[in-house]
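**Student:** Below you'll find the structure I mean.
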Amino acid sequence: MVTSAVLSSLALAAPVAVAAPKPSGSPSASPSATPPASMSTVGGARLGRPGTQVNLASGVPVLPKDLSARSWIIADAETGDVLAAHNAHWRLAPASTLKMLFADTLLPKFPATAKHKVVPSDLAGIGPGSSMVGIKEDETYTVHDLWLGVFLRSGNDAVRVLSAMNEGVENTVREMNEHAEELQALDTHVVSPDGYDAQGQVSSAYDLTLIARSGMQKPDFREYASTVTAKFPGETKKNKKGKEVRKPFEIQNTNRLLTGDADVPVYQGIAGVKNGNTTNAGATFTGVAERGGKVLLVTVMNPEKDEHNAVYKETARLFDWGFKAAGKVQPVGELVPPKSAAQAGAQPDANPSGEAGGSGDGGKGTAGTGAKPVAGAPVADGSSGIGTALGVTGGVLVLLAGGAFLVNRRWPLPDLVRRRTRP
């Protein structure tokens, strides 16, 4: 049940590369309509090419044929191997998947038990049509409450309150951009901390995967990202007896691979991470799942199919392919380590203790109180999966190399909560 070794890349004989198709559209086409002819090569030269990048060889399954996303990537969360990608570095609007960077930046700053009373200025600047968790002025919330609002309901109101606690939106945006640079997520530029559409705000499937990988190294990030339902504090009101009461209400995660939907079953082994949807971005999603001892990250940006839940359906198909191809397909690139970790990794005798890259545990709290985390989706048995997932205690903690780099300097995912299914 416990694996502490990271699989090295398997060299397959005579791999065949899928040719990158030429970008569609005329030379004057908008960058939002077709990928650039060349993009960033962070993680490998092939990741900078437009089109699909994958090595085909004997025993490697073919990729799903019904993919319409403008950009996607499949990577091994532990080794950092990029198994396949499509326009990986195309800079696109990220929507609320950008909240992963927000959380990875701010989680270490406030203990989960800290309290904050909301004032009107905290909620200023929220864009029309924003997703909200339901925060009210003059009410007090714990940091734990606010993070539940960010992860489960993608609440822009919760983001704004946490930003206010962090010396304001401008300071938060600056710190997010600095953290993105530290992670080498160089396609990313933050303008609004909640991912709301803003001029010049971009990221890429590659960057969002880097960010998710960094976030998943924090226990509290993992807990919030995998929480299915939780209780959120309501508004204080007077009951019939004139006594002030504050009743909580239930919130549910909007990640459909985690909660399920009419046309999308809960994905077996899913453990997070974050979804988004805006006018400019379309639907975006980054997910992490474990199956058979393998942990994969998949990011999908803007499926062009006019189909309900298309982003989740395409993500599920890519996960399925990834689990079948893992250990058989030769990587086309890698997820690079943070700058500081790469520098430390260049020194063979560097102290391996502690978590490299400055991505320490945030807040010293978890999402346990009042929340129902999922520890892997159940094997399909006709049930929706909501509320039936095992608790985190049913998982197995795998201690990988902490902050140390392996011989190949890949970026391991320590303390990953392994997700196991019901019998």
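The values are calculated or read from the model by the stated rules, or taken from the named source; none is laboratory data. Please read all numbers here as calculations on a predicted model, not as lab measurements. Every residue, glycine among them, receives a Cβ derived from its backbone with ideal geometry; neighbour counts consider all protein chains shown. Just so you know, the surface numbers come from the protein's heavy atoms only, side chains and all, with ligands and any DNA or RNA stripped out. Shrake-Rupley method; radii C 1.70, N 1.55, O 1.52, S 1.80 Å.
**Student:** Considering only residues that are open to solvent by 20 Å² or more (accessible area, probe 1.4 Å) and either among the acidic types (Asp, Glu) or assigned to a strand (DSSP E or B) (or both), look in the range 32-57 and name the one that is modelled with the lowest pLDDT.
**Tutor:** LEU56
**Student:** Here is a follow-up. Do we find that LYS231 is open to solvent by 10 Å² or more (accessible area, probe 1.4 Å), outside any loop (DSSP other than H, G, I, E, B) and not polar (S, T, N, Q) in this structure?
**Tutor:** Yes; evaluated as a whole, the condition is true for this residue.
**Student:** Here's a follow-up. Counting only residues that are touching a Lys or Arg at 6+ places or on another chain (Cβ under 7 Å) and not in a helix (DSSP H, G or I), which one in the range 142-175 is most open to solvent (accessible area, probe 1.4 Å)?
**Tutor:** Among them, the one singled out is THR142.
**Student:** Do any residues in the range 327-338 that are closer than 11 Å to GLN53 by Cα have Cβ atoms under 9 Å from those of residues that are among the aromatic types (Phe, Trp, Tyr), where the two are at least six apart or on different chains, and which pairs are they?
**Tutor:** What qualifies is GLY333/TYR206.
**Student:** For PRO111, state whether it is out of contact with any helix residue (DSSP H, G or I) (no Cβ under 9 Å at 6 or more places or on another chain) and assigned to a loop (DSSP other than H, G, I, E, B).
**Tutor:** No: the conditions fail for PRO111.
**Student:** Another question, then. What are the residues in the range 201-221 that are of a type in the set (Ser, Thr, Tyr) and touching a Ser or Thr at 6+ places or on another chain (Cβ under 7 Å), if any?
**Tutor:** Within the range 201-221, SER203, SER204, THR209, SER214 meet the criteria.
**Student:** While we're looking at this one, here's another question. Consider GLN268 against the criteria (1) farther than 23 Å from LYS99 by Cα; (2) modelled with pLDDT of 95 or more; (3) of a type in the set (S, T, N, Q): it satisfies all of them except one. Which criterion is unmet?
**Tutor:** It fails just one condition, (2).
**Student:** Write out, first by first residue and then by second, each pair whose Cβ atoms fall under 8 Å of each other, whose residues are 6+ apart or on separate chains, and whose first residue, in the range 50-74, is at positive phi while the second is in a strand (DSSP E or B).
**Tutor:** GLY51/HIS86
**Student:** Restricting attention to the range 321-339, and to residues there that are assigned to a helix (DSSP H, G or I) and touching a Pro at 6+ places or on another chain (Cβ under 8 Å), which single residue is nearest to VAL264 (Cα to Cα)?
**Tutor:** Residue satisfying both the conditions and the ranking: TRP321.
**Student:** Restricting attention to the range 69-92, report how many residues are modelled with pLDDT under 95 and within 26 Å of HIS308 (Cβ to Cβ).
**Tutor:** Selection size over the range 69-92: 0.
Each row is one residue, and each column tells you yes or no for (1) within 30 Å of VAL161 (Cβ to Cβ); (2) open to solvent by 20 Å² or more (accessible area, probe 1.4 Å); (3) not in a loop (DSSP other than H, G, I, E, B).
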residue	(1), (2), (3)
GLY59	no, yes, no
PRO64	no, yes, no
SER71	no, no, yes
ALA75	no, no, yes
VAL82	no, no, yes
ALA85	no, no, yes
TRP90	no, no, no
SER96	yes, no, yes
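**Student:** Condition (residue is among the charged types (D, E, K, R), in contact (Cβ under 8 Å) with a residue 12 or more places away in the chain, in a strand (DSSP E or B) and open to solvent by less than 10 Å² (accessible area, probe 1.4 Å)) applied to the range 207-220: is it met by at least one residue?
**Tutor:** No, the range 207-220 contains no residue that is among the charged types (D, E, K, R), in contact (Cβ under 8 Å) with a residue 12 or more places away in the chain, in a strand (DSSP E or B) and open to solvent by less than 10 Å² (accessible area, probe 1.4 Å).
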